[in-house]
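**Student:** First the structure, then my questions, so here it is.
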Amino acid sequence: MIGEQKGRALQLYLTREPVILAMLSALAVVFFLAVTGLSHLYHAQQESLANRWFNRGATDLKERRFESAVSDFRTALLYSRDNYSYQLNLAEALIGLKRTNEAFSYLINLWEREPENGFVNLDLARIAAQKGETEQALRYYHNAIYAAWPDDQQVERRDARLELVDFLLSINARAQAQAELLALAANLPNDPFQQTRVGDLFLRAQDYENALAEYRLSLKADHHNSAAVTAAGIAAFQLGRYALAQRYLQSAVATNPSDAQSAARLKTTELVLQMDPFQRQLSVAQRNLVVIEAFAAGGQRLKSCFGTAGSAGATSSGASSSLAESWAKMKRQITEPGLRRDPDLIEAAMELVFDIEHQTNTACGNPSDADTALLLIAKMHEGN
Amino acid sequence: MNILSNSQIGILPEDAQSEPTASLPDRSPAALLRSVFREERFFLILSVFIGVFSGLAVVCFRFAIDWCRIYLLGSGSTLSPTRLVLAPTLAGLIIAVLVIHVFPMARGSGVNQTKAALYIYNGHIPIRTAVGKFITAALAIGSGHSLGPEDPSLQIGASLASALGRRLRLSRDRMRLIAPVGAAAGLAAAFNAPISAVLFVIEEVIGRWTAGILGSVVLSAVSSVVVMRWFLGSESLFRIPPVQLERPSELIAYSILGVVGGLASVAFSSGIATLRPRFKALPRWTQYFQPGIAGLLIGLIAFLGAPQVMGAGYEYIDEAMHGRFTWQMLAILAGLKIVATLLSFVSGTPGGMFAPTLFIGAMLGAAVGGAEHVFLPHLSGSPGTYALVGMGVLFAGFLRAPMTSVFMVLEVSGNYSIIVPVIVANTFAYVISRRLQPMAIFDVLTRQDGLDLPSMEEQREEDILRVEDAMRPATSALLDAQEAVDHVFKRLDEKSPDVLLVRLNPTGWSSVTRKEIENMVKEGKGGLTLSSVLAGRQISFLHPDQPLDTALRYIDRWPLVPVVSRADYRTLEGVISQLDVLKRYRDFGEG
C-alpha cells in the first residue's frame, strides 16, 4: 500500500517539475539557436558597416583630412565599440586636429588595455611632450622604445628613440640625449642615412667626437654624401681638428659652392692652420714668422678695440692698459732674430696675444677673421 | 513567511524538546524529488530560465533597435536632414496607431507596471504588453525619439516571467514575485550591470530584502547578463577614462555638481509631472498625433545642430567622457535632452527614461566639471570623471534610487576610487530633489495613472514601531522558580497584579495568575515548587529592539510577555501585553 502511494507520488513529480524543466531547457535551446541565427546576421552587418567606415577613415587619415577621418572612425566605433585599432586611429586623427585632450582620453584607455603597445605609448609621449609634461613624456617614450611593435620592431624602436632624443634636445637635456644616442648608435645598422641622422643628433647634443665617428661611418659607405661631408667638417672644426675639418670643408665647398656657411668655416679653418705657431711640421723660421704675424694682429686688435670701444675701454681700462704696456714692452723682442735668440719668447708672445684676444673679445666683440682664428688657436692650446 | 529564527523570537530549546520526536527522513525517490523540487527551490531554478529567456528577448530587442536606426536614420554618424525630421515623425504616427489600437498597455512606465503586477494584479502582466513594448519601443528609439531601452527591457523581462509563471500555475505568492524577478533580468541585460539591476528592483519595485527574493532576483539577473554577453560581448556601456581624486578638497567641486544635478532633476521631474496630465487630457484624437509631433520637434532640434539628443545617446555620453564637447555645448545638450525627453515621454511614446537620465547627467556633469576647470584649473578630475559622477547624480535625483545610483556608477566604471565623489554628489542631489519635489517620479506617474501603489521611498523612510516603544516596566516582584507555591501565596496581597512572571532556571520564563496560585493551594499543592507545577508552561519572550509586529504573535497566547535583554535572558527589561500594543498602535496612528 505504502509502496503504491510512493510510486504514485513519484509519478506525479515525474510528470510535473522534471518535465517542465526539460521542456523549458528544450525551449531555451530552440530560442538560443534562433537568436544565434539572428546574431550572425546582426554581427555580419555591424562588421561590414564598421569596416566600411573604418576604411573611409583610414583613407581620410592618410590624406590628412582629419575632420572627416574623425567622423568616419566615430561611426566605425558605433558598430564595433571596443575595437582597439579604430580607437587608435581616431586618436591619431584627433591629434591631427590638435584636439589632444580628446585624443589623450582615448589613448589612455587603450594604454590601460595594452600598456605595452608601441603606437599608443608613442602617441601619449607626443601629447605629453606637447603639453610640456616632461616626466610623462619620458615615461611614454621609454615605454615606446621597449614596447611591442607589430611590424618592423627594430625600426620602430629606433625611430621612437630618435624622437625621444629630439625631444630631449628641444628641452636642452643634452646629457640624457647623449646617453640615448650612445645606446642608439650601438645598435645602428650599416645605413648611411641613419648614421648621418644620428650624427646630426650627436652634433646637436654637442657630442662632436661621436658625431664625427657617425659621419665617418656614413661616408665610408657613401663617399658622396654631401650633408655628411659638411657635418663632418663642422664636427672636426668643433673638435679643433682643423686639418681634418679643412679636408671635409674643402670637399663640401667643392660639391656645393653656394654653401656660404661652409665656405666661411673653411676660411676660418685655413686661418687657424696658418696662424697656429704650435704646429709640429713648421720649421723654426716659419714658426717665428707666424708668431710675429700673430703678435702684430694682437696689437692691431688691441689698438682697434681701444680706439673704437670707448665705453668698453673705460670699464676695462686697468686690464687693457696693462696689456698694452706688456705688448709694447715685448714688441721690440718679437723679431726674427729676437725669437731665434730666445725661443721661449714664442710661448710668452702667444700667451700675450691670447690674453689680448680674450680681453678684446669680451670688451669689443666683432673679431676679425684673424682674431677669430687666434681665439680658436687659444682655445685649442688652453688645455696644454 | 516566517522571517525570524527561533532565537530571534525567544523560543527556547525546551520548546523543541517538548515537540514529538521527528520520524526518520524519508529517503524514497519521490521524497528526494519532492525535496529537490520544493516550490522555493523550483522557483530558484525557474529564475535561471527567466533570466535566460529575458536575456534572449533583450538581445533581440537590441538588434531591433539597431536595425531600426540603421534603416530609418542611416548608418553614418552624419545624418541626412530629411531623415532626421521624417523618421521620428512618421515613426511617431505609426507608434500612436499601434499604441491606441493594438498594444494599449505598451504605454507608460515598465517599473510601475511591474509594481502594479506585484501589488495589484497578482503578478499578471499580459504577454501582449511585452510584444507591444518590443515593437513600439524599438521603433521609437531606433527612429530617434529621446528614450532608452532599459525600461522596456525591464518590462519585457517581467512580462515573459509572468507568462511563464501563469503557464506553470505557480502559487499566488510566487506569482507576485515572478514579475520583479523577470524585471531584474530584463534590466540587467539592458544595462549589462547585474548588481545595479538587482538593487534597483529591490529598491524600487519590491522594497524589501529577503533571502528568497534576493536569490531569485540575483540568479535571473546573472543568467540574463550571461546570455546578453554571449551574444553582444562583455563591453560595458561606456569606455571610461581613468578616474582619479587627488585631493579631498575636490569634493567641493563634486558637491557643486550634486547641487546642480539636484536642481536639474527637479526641473526634469516637474516637467513630466506638469505636462503629462495636460497631454493626456487633450482630446482623444490628438493622441494619434502627439508622438508624431514630438518626433517632428526632436527632428528639428537635431536638424538645427543637436542630433545628439536623438535616441538613447550612449555614443555621445562616451564622447562627452572623452572630452569632445566644450562645457557650454555640454550644458546646451543637457538642456535640449531634457526638452526632447519630455516631448517623447509625455506624448505617450513607449520607451524608458533611464538612458535619457544618464545622458542628461553625463552632459551636466561634464559641463559642471568643464566650467569648474575654467575657474580652478588645478582640479584633477577629467571630463569623464565628472560625466560619470553626473550620471549617478541624476539617477539619485530624478529616479530617486540612491543606492542603485552609487552601485550603477561603480559597476559601469569598474573603478572604486570614484565612490566618495559619487556618494557626496548623489547625497546632495537626492536631498535637494526630495526637498523640492517631495514625490518621486515613479510615484507621480502611478498617481497620474490612477493607481495606488506603495511608495518605496515612503516605505524606506517609514518609522518602525519596536517592542521598546510599547513595553512598560515590570512593576511587581518576579517570582523565582524554586519558590514554593505556599510561599508565593503568602506574599500575595491586594496590590499584587493578576499575572506574575516566573524566572525559570537556567533561562526561560513562565507566568502564573493569582487565581492559579489560589487554586493550587486549595488543591494541596502548596508545598510544591513553582518549577514543578509550571513544567511545560514556558512562555516566549521578546527583546526591546524587535518590531512591534512580532509581539502580535504572542500577546494573544499569554496575557503578559516578558521583554528581556539580548545580553542576558534573565534580565527583565520590561513587560508587554495586548493592551500595551494596541494602545501604542492607536497613539501612533493618531500622531
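**Student:** Just to be sure I understand the filter: pairs with C-beta atoms under 7 Å, separated by 6 or more residues or on different chains, first member in region B:197-225 and assigned by TED's automatic domain parsing to the domain that holds B:Ala116 and without any contact (Cβ under 8 Å) to a residue 12 or more places away in the chain, second member buried (at least 23 other Cβ atoms within 10 Å of the Cβ) and not in a helix (DSSP H, G or I). Which pairs pass?
**Tutor:** No pair meets every condition.
**Student:** When you go through A:Leu77, A:Leu38 one by one, which is the residue that is aliphatic (A, V, I, L, M), more than 30 Å from B:Ile45 (Cβ to Cβ) and part of a helix (DSSP H, G or I)? Give the steps one after another, and end with the answer.
**Tutor:** Values: A:Leu38 fails: more than 30 Å from B:Ile45 (Cβ to Cβ).
It is A:Leu77.
**Student:** Tell me the residue from A:Phe31, A:Phe54 that is in contact with a helix residue (DSSP H, G or I) (Cβ under 7 Å, 6 or more places away or on another chain), aromatic (Phe, Trp, Tyr) and away from chain B (no Cβ under 11 Å), please. Talk me through it step by step, then tell me what you get.
**Tutor:** Working: A:Phe31 fails: away from chain B (no Cβ under 11 Å).
Among A:Phe31, A:Phe54, only A:Phe54 is in contact with a helix residue (DSSP H, G or I) (Cβ under 7 Å, 6 or more places away or on another chain), aromatic (Phe, Trp, Tyr) and away from chain B (no Cβ under 11 Å).
**Student:** Please list, ordered by residue number, the helices (runs of 4 or more DSSP H) wholly in region B:133-242 having 1 or more residues that are more than 12 Å from every other protein chain (Cβ to nearest Cβ), among the hydroxyl-bearing types (Ser, Thr, Tyr) and crowded, with 24+ Cβ neighbours inside 10 Å.
**Tutor:** Numbers: elements: B:150-167, B:172-191, B:194-200, B:211-232.
Because the criterion is at least 1 residues that are more than 12 Å from every other protein chain (Cβ to nearest Cβ), among the hydroxyl-bearing types (Ser, Thr, Tyr) and crowded, with 24+ Cβ neighbours inside 10 Å, the helices (runs of 4 or more DSSP H) in region B:133-242 that meet it are B:150-167, B:194-200, B:211-232.
**Student:** In the set A:Ala91, A:Ala26, A:Ala69, A:Ala103, which member is within 13 Å of chain B (Cβ to nearest Cβ) and under 30 Å from B:Ser223 (Cβ atoms)? First the steps, then the outcome.
**Tutor:** On the way: A:Ala91 fails: under 30 Å from B:Ser223 (Cβ atoms); A:Ala69 fails: under 30 Å from B:Ser223 (Cβ atoms); A:Ala103 fails: under 30 Å from B:Ser223 (Cβ atoms).
It is A:Ala26.
**Student:** Specify the residue that is surrounded by the most Cβ atoms within 10 Å (Cβ to Cβ); the eligible residues are those in region B:489-512 that are in a strand (DSSP E or B) and touching a residue at least 40 places away in the same chain (Cβ under 8 Å). Before the answer, list the steps.
**Tutor:** Keep residues of region B:489-512 that are in a strand (DSSP E or B), which gives B:499-503, B:509-512.
Checking which are touching a residue at least 40 places away in the same chain (Cβ under 8 Å) leaves us with B:499, B:501, B:503, B:509, B:511.
Working: B:Val499: 17, B:Leu501: 22, B:Arg503: 20, B:Trp509: 25, B:Ser511: 20.
By that ranking, first place goes to B:Trp509.
**Student:** When residues of region A:240-297 are filtered for being under 15 Å from A:Leu374 (Cα atoms), outside the structural domain of A:Ile356 (by TED's automatic domain parsing) and among the small types (Gly, Ala, Ser), how many remain?
**Tutor:** So the answer is 1.
**Student:** Taking B:Ala116 as the residue in question, decide whether it is surrounded by fewer than 24 Cβ atoms within 10 Å (Cβ to Cβ), more than 14 Å from chain A (Cβ to nearest Cβ), small (Gly, Ala, Ser) and in contact with a Leu (Cβ under 7 Å, 6 or more places away or on another chain). Give the steps one after another, and end with the answer.
**Tutor:** Values: surrounded by fewer than 24 Cβ atoms within 10 Å (Cβ to Cβ): yes; more than 14 Å from chain A (Cβ to nearest Cβ): yes; small (Gly, Ala, Ser): yes; in contact with a Leu (Cβ under 7 Å, 6 or more places away or on another chain): yes.
Yes; evaluated as a whole, the condition is true for this residue.
**Student:** State whether the residues of region A:131-145 include one that is more than 23 Å from A:Gln195 (Cβ to Cβ) and in a loop (DSSP other than H, G, I, E, B). Step through it out loud before you land on a result.
**Tutor:** Taking region A:131-145 and keeping what is more than 23 Å from A:Gln195 (Cβ to Cβ), we get A:131-140, A:142-143.
Those still in the list that are in a loop (DSSP other than H, G, I, E, B) too: A:132-133.
Among the residues of region A:131-145, at least one is more than 23 Å from A:Gln195 (Cβ to Cβ) and in a loop (DSSP other than H, G, I, E, B), which makes the answer yes.
**Student:** State yes or no: is B:Ile555 part of a loop (DSSP other than H, G, I, E, B) and touching a residue at least 12 places away in the same chain (Cβ under 8 Å)?
**Tutor:** Numbers: part of a loop (DSSP other than H, G, I, E, B): yes; touching a residue at least 12 places away in the same chain (Cβ under 8 Å): yes.
Here the answer is yes, as B:Ile555 does meet what is asked.
**Student:** Sticking with this structure for a sec: Quick one: would you say A:Ala173 is farther than 26 Å from A:Gly132 by Cα and among the aliphatic types (A, V, I, L, M)? Break it down into steps so the answer makes sense when it comes.
**Tutor:** On the way: farther than 26 Å from A:Gly132 by Cα: no; among the aliphatic types (A, V, I, L, M): yes.
When the stated conditions are applied, A:Ala173 does not pass them.
**Student:** Does B:Val111 satisfy being on the phi < 0 side of the Ramachandran plot and buried (at least 24 other Cβ atoms within 10 Å of the Cβ)?
**Tutor:** On the way: on the phi < 0 side of the Ramachandran plot: yes; buried (at least 24 other Cβ atoms within 10 Å of the Cβ): yes.
Answer is yes for this residue.
**Student:** To continue, here is another question. Answer yes or no: is there a residue in region B:317-338 that is touching a strand residue (DSSP E or B) at 6+ places or on another chain (Cβ under 9 Å) and assigned by TED's automatic domain parsing to the domain that holds B:Ile252. Walk me through how you get there before you give the answer.
**Tutor:** Start the filter on region B:317-338 by keeping residues that are touching a strand residue (DSSP E or B) at 6+ places or on another chain (Cβ under 9 Å), which leaves none.
Taking every residue of region B:317-338 in turn, none turns out to be touching a strand residue (DSSP E or B) at 6+ places or on another chain (Cβ under 9 Å) and assigned by TED's automatic domain parsing to the domain that holds B:Ile252.
**Student:** Additional query: Of the conditions (1) aliphatic (A, V, I, L, M); (2) in contact with a strand residue (DSSP E or B) (Cβ under 7 Å, 6 or more places away or on another chain); (3) surrounded by fewer than 24 Cβ atoms within 10 Å (Cβ to Cβ), B:Ala64 fails just one. Which one is it?
**Tutor:** (2)
**Student:** Given the options B:Leu84, B:Leu93, B:Leu79, B:Leu72, name the one that is outside any helix (DSSP H, G or I) and either among the aliphatic types (A, V, I, L, M) or more than 9 Å from chain A (Cβ to nearest Cβ) (or both). Before the answer, list the steps.
**Tutor:** Details: B:Leu84 fails: outside any helix (DSSP H, G or I); B:Leu93 fails: outside any helix (DSSP H, G or I); B:Leu72 fails: outside any helix (DSSP H, G or I).
One residue alone meets the criteria, B:Leu79.
**Student:** Another question about this same structure. Sort out which residues of region B:96-107 are surrounded by fewer than 22 Cβ atoms within 10 Å (Cβ to Cβ) and part of a helix (DSSP H, G or I), and write them in order of number.
**Tutor:** Selection gives B:Val97, B:Leu98, B:Ile100, B:His101, B:Val102, B:Pro104, B:Met105.
**Student:** Inspect all residues belonging to region B:576-584 and state whether any of them is under 15 Å from B:Asp469 (Cβ atoms), free of Cβ contacts under 8 Å to residues at least 24 places away in the same chain and exposed (fewer than 13 other Cβ atoms within 10 Å of the Cβ).
**Tutor:** Scanning region B:576-584 turns up at least one residue that is under 15 Å from B:Asp469 (Cβ atoms), free of Cβ contacts under 8 Å to residues at least 24 places away in the same chain and exposed (fewer than 13 other Cβ atoms within 10 Å of the Cβ).
The values are calculated or read from the model by the stated rules, or taken from the named source; none is laboratory data. Note that this is a predicted model, so its numbers are computed, not measured. Positions of Cβ are backbone-derived with ideal geometry, glycine not excepted, and every protein chain shown enters the neighbour counts.
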